[in-house]
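The values are calculated or read from the model by the stated rules, or taken from the named source; none is laboratory data. Just so it is clear, the model here is predicted, and its values are computed rather than measured. All Cβ positions, glycine included, derive from the backbone under ideal geometry; neighbour counts span all protein chains shown.
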Ligand SMILES: [Mg+2]
């Protein structure tokens with residue numbers, strides 16, 4: 001089998017009337033992701049995904065990675081990863097380049113599984129085609145509406161839910177109390193503080209979150225602020241997590257070496273692909289840490305991360321975006337299936353998914369090099385809705 005070409009397909013879904021959700025990052029006006037399709041001379045197609053700035057992903061794949069990989073044997077996953085990393089090292093290593101390499105890497109794993117007739121979880125040493133999954137949503141909203149939404153996730157077959165905090169200390173406490181009460185003691189609540197706390201506040205909130213029996217306490221500080229994570233970890237009685245904004249094995253090595261977190265959260269569509277998540281998970285395991293992959297934008301990313309979590313001994317769960325995006329709900333011919341808190345991966349070769357190409361074409365960006373003003377991550381915040389510099393009001397401040 002030989003690679004014929006690597007195709008980036010940028011997708012964009014715009015919420016009607018900028019009516020997306022609101023959280024500490026701003027008001028989300030559109031969703032973005034980039035699919036990576038590797039076409040081969042045997043007709044097999046591997047699929048991966050990347051979330052980063054769409055124009056930059058497009059350029060890196062079209063002008064650097066595609067020409068580099070044409071004619072190569074896709075089964076040589078590790079050496080092709082090294083080749084991509086080596087040629088981009090001068091401008092890559094973190095950020096969009098690592099994310100783009102990761103999208104290609106995941107598509108290579110999909111092809112490897114297809115050519116060997118095995119699901120990726122089996123290639124990685126897993127024993128069963130299922131993965132624990134949790135419902136991710138619960139953004140800034142009215143407290144009653146949050147409680148109702150949380151119950152909806154439980155009714156849909158989830159056992160854990162994740163909510164977003166960092167609005168004000170009063171709101172954060174009320175929101176967690178309401179969700180905890182709504183889902184009852186037999187289910188787990190996870191909180192994400194979206195990088196907006198300081199150490200004193202994070203410790204104070206940590207005591208409260210421990211009382212609420214929060215399952216983990218995610219990203220209270222920005223990814224660069226490792227010292228604050230170190231100051232928090234161990235000072236609170238619940239696991240502290242981070243990693244969705246870290247890239248590559250080397251980045252996670254620093255996080256782990258500093259003893260910054262209890263749970264690491266790599267994401268195959270951002271940190272460097274399935275290969276890199278596996279390496280990060282092994283390092284985490286050697287340091288007694290667990291892994292709960294981050295995922296946000298699309299069903300390919302959910303599936304890729306789930307194959308790894310399912311196969312590793314220190315994997316906890318995979319995240320499923322439940323905000324109602326077509327990238328999660330409509331992109332696959334057979335939609336994601338969760339029951340009893342478990343995502344089904346099955347026994348189909350590779351990632352075991354098939355894209356609905358009508359949906360892909362409907363969401364395809366006409367020209368990824370010509371995009372509206374705004375800020376771009378795995379979401380888009382239109383220019384008028386960029387992250388606000390609202391003061392965070394603390395109760396005891
Ligand atoms: Mg997060």
State whether one or more residues within segment 273-293 are within 16 Å of the ligand (Cβ to nearest atom), in contact with a helix residue (DSSP H, G or I) (Cβ under 9 Å, 6 or more places away or on another chain), within 22 Å of residue 153 (Cβ to Cβ) and in a loop (DSSP other than H, G, I, E, B). no
Hits in segment 30-52 (condition: over 18 Å from residue 106 (Cα atoms), in contact with a strand residue (DSSP E or B) (Cβ under 8 Å, 6 or more places away or on another chain) and either at pLDDT 95 or above or surrounded by fewer than 21 Cβ atoms within 10 Å (Cβ to Cβ) (or both)): 30, 41
Conditions (1) more than 16 Å from the ligand (Cβ to nearest atom); (2) touching a residue at least 12 places away in the same chain (Cβ under 8 Å); (3) under 25 Å from residue 301 (Cβ atoms) -> residue 223 fails only (1)
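This table checks each residue for (1) free of Cβ contacts under 8 Å to residues at least 40 places away in the same chain; (2) within 22 Å of residue 219 (Cβ to Cβ).
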{"position": "2", "(1), (2)": "no, no"}
{"position": "7", "(1), (2)": "no, no"}
{"position": "11", "(1), (2)": "no, no"}
{"position": "19", "(1), (2)": "yes, no"}
{"position": "28", "(1), (2)": "no, yes"}
{"position": "34", "(1), (2)": "no, no"}
{"position": "37", "(1), (2)": "no, no"}
Pick out the one residue from 340, 287 that is farther than 19 Å from residue 48 by Cα, touching a residue at least 40 places away in the same chain (Cβ under 8 Å) and more than 19 Å from the chain's Cα centre (by Cα). 340
If I go through segment 216-235 residue by residue, how many of them are surrounded by 15 or more Cβ atoms within 10 Å (Cβ to Cβ), over 18 Å from the mean Cα position of the chain (by Cα) and in a loop (DSSP other than H, G, I, E, B)? 2
Some residue of segment 305-323 being under 18 Å from the mean Cα position of the chain (by Cα), assigned to a loop (DSSP other than H, G, I, E, B) and within 19 Å of residue 157 (Cα to Cα): yes
Within the group 155, 144, which residue is without any contact (Cβ under 8 Å) to a residue 24 or more places away in the chain, out of contact with any strand residue (DSSP E or B) (no Cβ under 6 Å at 6 or more places or on another chain) and more than 21 Å from residue 245 (Cβ to Cβ)? 155
Given the condition under 24 Å from residue 282 (Cα atoms) and in contact with a helix residue (DSSP H, G or I) (Cβ under 9 Å, 6 or more places away or on another chain), answer yes or no: does some residue in segment 362-375 qualify? no
Output yes when any residue across segment 175-191 is surrounded by fewer than 18 Cβ atoms within 10 Å (Cβ to Cβ) and either within 16 Å of the ligand (Cβ to nearest atom) or not in a loop (DSSP other than H, G, I, E, B) (or both), and no when none is. yes
Please pick out the residue among 111, 69 that is assigned by TED's automatic domain parsing to the domain that holds residue 39, crowded, with 24+ Cβ neighbours inside 10 Å, touching a strand residue (DSSP E or B) at 6+ places or on another chain (Cβ under 6 Å) and farther than 26 Å from residue 13 by Cβ. 111
